[in-house]
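Visitor: Mind having a look at this structure? Questions to follow.
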Amino acid sequence: MPNITELEKICTQIRRDILRMVHASNSGHPGGSLGCTEFFVSLYFEIMNHNKKFSMNGIGEDLFFLSNGHISPVWYATLARSGYFELAELATFRKINSRLQGHPTTHDKLEGVRMSSGSLGQGLSVAIGAALTKKLNNDDSFIYSLHGDGELQEGQNWEAIMFAAGNKVDNLIATVDYNKKQIDGSVDDVLPMGDIAEKFRAFGWEVLEEKDGNNLEAIINCLNNAKKISGKGKPVVIILHTEMGNGVDFMMGTHKWHGVAPNDEQLADGLAQNPVTLGDY
């Protein structure tokens with residue numbers, strides 16, 4: 001059984017990391033990062049079989065691909081807290097010559113990162129390639145990926161969604177961060193997506209939907225269920241209902257914390273809502 005209390009402490013500390021990283025660089029995307037904190041902690045600290053001694057090929061281990069790369073703060077903090085690289089490196093976020101660029105890249109060989117994800121809509125294609133490679137190598141590990149709901153407006157996703165079902169890529173578990181917000185407003189105002197779950201079903205996927213996407217126990221149960229129904233000829237997608245800015249009250253319920261950093265006063269307010277649990281970097 002997962003130790004939810006310990007996982008909650010990790011979440012609180014990672015929220016502090018996100019706020020401090022984005023504030024220090026005066027740029028970044030705190031809203032979406034905060035909304036996915038519980039997902040990342042569940043994945044890296046409970047669900048995935050992964051090796052912190054990083055190798056690009058990742059043989060014999062589960063792999064994760066972040067498609068909506070602008071939420072890099074939560075991923076970098078999770079990787080550091082998982083032991084992939086030193087915590088102190090979080091202080092270099094978005095700085096010149098840092099390995100922790102605003103959108104993840106591979107050319108600086110940052111441990112844990114296997115694809116560049118600045119341009120939206122490409123991550124599922126990469127994840128499918130990795131999943132097919134696992135099959136060719138008789139490696140029974142899982143491939144996980146994360147995508148924004150607004151990101152699904154990119155057409156390449158739907159080619160990949162069709163390909164994955166048509167080729168029975170059943171070792172793939174994709175998750176959609178369904179916060180209903182994107183850079184210019186609500187998804188419904190920018191370009192309505194309709195019923196995303198039904199769209200995936202129409203394309204031949206197994207679909208799970210988790211309405212409590214900021215609840216650790218619910219996320220862990222959902223991911224475990226996704227593993228149970230994998231390997232049966234269909235890829236799996238989780239529609240994860242999240243709250244953008246979760247854990248920082250003034251960042252919740254709005255799309256405005258996409259590409260906006262907190263000022264000094266806002267940082268202090270956000271940190272007061274998330275007291276130190278594991279020690280700041």
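Visitor: With labels modelled as points extended 7 Å from the Cα through the Cβ direction, what inter-label distance (nm, one decimal) is found for His107 paired with Arg201?
Guide: Taking the simple label geometry, His107 and Arg201 are separated by 4.5 nm.
Visitor: What ranking, highest mean first, results for peptides 157-167, 259-269, 10-20 when packing means the other Cβ atoms within 10 Å averaged over each residue?
Guide: Ranking the peptides 157-167, 259-269, 10-20 by packing returns 10-20, 157-167, 259-269.
Visitor: Which of rounded, prolate or oblate describes the range 1-121 when judged by the alpha-carbon gyration tensor and an a/c cut-off of 1.5?
Guide: Note, shape of the range 1-121 comes out oblate.
Visitor: Using DSSP to define loop residues, name the trypsin sites (Lys or Arg not before Pro) in the range 33-82 whose beta-carbon has at most 15 other beta-carbon atoms within 10 Å.
Guide: When the trypsin sites (Lys or Arg not before Pro) of the range 33-82 are filtered for loop state and at most 15 Cβ neighbours within 10 Å, Lys52, Lys53 remain.
Visitor: Considering only Gly69, Ala268, Val113, whose Cα is most displaced toward the positive end of the charge dipole of the chain, charges sitting on Cβ of Lys, Arg (+1) and Asp, Glu (-1)?
Guide: The listed residue farthest towards the positive side: Val113.
Visitor: Turning to a different aspect of this structure: Rounded to the nearest 10 degrees, what's the angle between the helix 155-166 long axis and the longest principal axis of the chain, both from Cα atoms, 0 to 90?
Guide: 40 degrees
Visitor: Grab the DSSP H runs of the chain that are 4 residues or longer, score each as -39,500 (n - 2.57), total them, divide by all residues and round the 222 nm result to the nearest 500 deg cm²/dmol.
Guide: -11000 deg cm²/dmol
Visitor: Shifting gears a bit: Got a sec to turn the phi values of the range 237-242 into Karplus ³J(HN,Hα) couplings, 6.51 cos²θ - 1.76 cosθ + 1.60 with θ = phi - 60°, whole Hz, x for Gly and Pro?
Guide: Each residue's phi maps through the Karplus curve to give 10, 10, 8, 9, 6, 10 Hz.
Visitor: For the range 255-281 and the range 112-161, what is the separation of their C-alpha centers, rounded to whole Å?
Guide: 30 Å
Visitor: Roughly how big is the range 4-272's charge dipole about its Cα centre, with Cβ charges of +1 (Lys, Arg) and -1 (Asp, Glu), in debye to the nearest 20?
Guide: Working: 25 positive and 34 negative charges, 155 e Å.
The dipole magnitude comes to about 740 debye.
Any read-out appearing in this document is the output of simple, stated calculations on the displayed coordinates, not a laboratory observation. From a predicted model like this one, the values you see are computed outputs, not experimental measurements. Cβ coordinates were reconstructed from backbone atoms using ideal geometry, including for glycine residues, and neighbour counts include every protein chain displayed.
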